[in-house]
Amino acid sequence: MPINYKKYPSNWKQIRKEILERAGNCCELCGAENNKPHWKTKSKVILTIHHIDYDITNNNYVNLIALCQRCHLRLDLPKHIKNKKNKNK
């Protein structure tokens, strides 16, 4: 899903860069390296920034972690399931 940058602060690209640097340019859960084949899926890793509390307005650095697509989707799965159930009602 494409990111809507209008919902993020104007310095989001700098925040993202700093989170990736803090993470050593690797997924903070599984260690997959950015722009390299994922150790499990073999697909190219593009790290994303995850809001731990799911609040995209809370850009405190302790609320942000770098994740590969696989880990990000796994963390967000319960939220996606809930949203789908609510949408189908």
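Structure above, values below:
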| read-out | value |
| --- | --- |
| Residue in the stretch 4-22 that is part of a loop (DSSP other than H, G, I, E, B), hydrophobic (A, V, I, L, M, F, W, C) and touching a strand residue (DSSP E or B) at 6+ places or on another chain (Cβ under 8 Å) present | no |
| Residues being of a type in the set (A, V, I, L, M, F, W, C) and either open to solvent by less than 60 Å² (accessible area, probe 1.4 Å) or modelled with pLDDT of 95 or more (or both) - total across the stretch 68-77 | 2 |
| Among (1) assigned to a strand (DSSP E or B); (2) open to solvent by 40 Å² or more (accessible area, probe 1.4 Å) - the single one Ile65 does not satisfy | (2) |
| The stretch 33-52: number of residues that are within 13 Å of the chain's Cα centre (by Cα) and either more than 18 Å from Asn4 (Cα to Cα) or of a type in the set (A, V, I, L, M, F, W, C) (or both) | 6 |
| The stretch 20-59, residues that are open to solvent by less than 70 Å² (accessible area, probe 1.4 Å), touching a residue at least 24 places away in the same chain (Cβ under 8 Å) and over 18 Å from Arg70 (Cβ atoms) | Ile56, Asn59 |
| Scan of the stretch 1-19 for residues that are surrounded by fewer than 10 Cβ atoms within 10 Å (Cβ to Cβ), of a type outside the set (A, V, I, L, M) and either in contact with a Lys or Arg (Cβ under 6 Å, 6 or more places away or on another chain) or under 21 Å from Cys71 (Cα atoms) (or both), ordered by number | Pro2, Asn4 |
| Cβ-Cβ under 7 Å pairs, at least 6 apart or on other chains, the stretch 60-85 side farther than 13 Å from Ile19 by Cβ, far side of a type outside the set (Gly, Ala, Ser) and part of a helix (DSSP H, G or I) | none |
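The values are calculated or read from the model by the stated rules, or taken from the named source; none is laboratory data. None of the values given here were measured: they were computed from a predicted structure. So basically every Cβ, Gly included, is an ideal-geometry build from the backbone, and we count neighbours across all protein chains shown. Ligands, DNA and RNA are stripped out before the accessible areas are found, and what is left, the full protein with its side chains, is counted by its heavy atoms. Shrake-Rupley method; radii C 1.70, N 1.55, O 1.52, S 1.80 Å.
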